[in-house]
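The values are calculated or read from the model by the stated rules, or taken from the named source; none is laboratory data. What you see is a predicted model, and the numbers here were worked out from it, not measured in a lab. Methodologically, a virtual Cβ is constructed for each residue, glycine included, from the backbone with ideal geometry; neighbour enumeration extends over all protein chains shown.
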Amino acid sequence: MDQFDPAAVAASVAEKAGHFIGGEWVVEGAAHIGVARPSDGVVYASAPLGDAQRVDHAVDNAKRAFRTSGWPRMAPRERARILRRFADLISADTATLAPLEALGSTRPVRDVCAWDVPFTAEGIRFYAEFADKLGGEVVATDHDHLGMTIAEPYGVVGAIAPWNFPLVMASWKIGPALAAGNAVVLKPSEMTPFSVLRLAELAIEAGIPPGIFNVVQGDGATTGDALVRHPDIAKVTFTGSTRAGSAIMAACAQSGTKPVTLELGGKSPQIVFADAPKLDEVARRIAGALAVNAGQVCVAGSRLLV
C-alpha cells in the first residue's frame, strides 16, 4: 500500500470518534477536541474529551472485568494463545490500521505497512511468550520452613501512550500488562487517537474479555490526570515528555502511592571516533538517526560527539 485516500479515512473515523469501554463504543455529546493533520494543520476529526466521570466509568469496567472475567486466573498458556491470536489479527488488518496510523501521525503509509503494523503485532507476540514465564521463587529458609514469593497481576493498569508511534507504543504498554493478567485503561495522545481504537476492537475479536482492554480519549490535563489519580488504578505507565512525567509522578504521590513506569524524552549521543572509516557514510547515518520520523523519536541522535 503506497497511497490512501485521506478524506475517506477521515470520514471513517468520524463514525467511531468515541471511547471503547467494556467492549463497546461509547459516543458522547460532551466536550470534544479537534484532531488536526500534522502535515497541514487541517482539523479532520474530533475526539471526545473524557472527564473524571468517564475515566471512572472506564476504570470501573476494567475492575469488574478483572474480578469476573477469569482473565487473571486463566491458564497462562491460554492467555498467551489469545494474545498470539490478537497479534495475528493485527498483522492481517494492515489495510485498515495503516491508513488510520498514517493519517494521524503523518508517517508515510508504506512505512506504516512495512514497520509499524508488523512491529506492533510482534510486540504483542513477544510479551505473549512471557505469560507462562512470570513466576515466583522459593527463598532460602530453615529446613523446616517454606518461604516463597508469588507474582500476581496488579489489577487495573493506567497507560498513557504518545503520538510519535501510536500503535507501537500502545503495544509496548498493553502487551506486558495483558500477558501478566491485568486489565488496562489506555489513554492515547489526543493528537493521534484513532488507530488504537481499532486495536481495542481486534482485542475483542481475538477473545480478550470485554473490559480487560479499554480506551478512553482526552487530553493530559483532564483525562490523563484523572486516570493517574484514580484510586483503583494500581500501576501507571507513561511515555512522553519529561515535564508530563514529572506531573504524573506528583499526581500519583498526592493521590496514593503506586508504582509508576516512565519513558521520557532524552538527548541520545552519537559518538564518532578518529579512526572511523568512510566519513561520508558516517555523516549520512548520523543525519538519518537524527531526522528519522522528523526527529520525533525518543532515541533520536540529537547530540554529536566527535
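Residue count for region 61-90 satisfying the condition of being surrounded by fewer than 19 Cβ atoms within 10 Å (Cβ to Cβ) and either of a type in the set (Phe, Trp, Tyr) or farther than 17 Å from residue 200 by Cβ (or both): 12. Is it true that residue 282 is buried (at least 22 other Cβ atoms within 10 Å of the Cβ) and either within 30 Å of residue 89 (Cα to Cα) or not basic (Lys, Arg) (or both)? Answer is no for this residue. Which pairs have Cβ atoms under 6 Å, sit 6 or more apart or on different chains, and link a residue in region 70-94 that is touching a residue at least 24 places away in the same chain (Cβ under 8 Å) to one that is assigned to a loop (DSSP other than H, G, I, E, B) and surrounded by fewer than 17 Cβ atoms within 10 Å (Cβ to Cβ)? Qualifying pairs under 6 Å: 76/132; 77/132; 82/207. Just one of (1) closer than 22 Å to residue 171 by Cα; (2) touching a strand residue (DSSP E or B) at 6+ places or on another chain (Cβ under 8 Å) trips up residue 268, so point out which. Looking at each condition in turn, residue 268 falls short on (1). Please verify whether residue 48 is touching a Ser or Thr at 6+ places or on another chain (Cβ under 6 Å) and surrounded by 13 or more Cβ atoms within 10 Å (Cβ to Cβ), treating the condition exactly as stated. The answer is no for residue 48. Against the list (1) outside any helix (DSSP H, G or I); (2) assigned by TED's automatic domain parsing to the domain that holds residue 202; (3) of a type outside the set (D, E, K, R), the condition residue 1 fails is (2).
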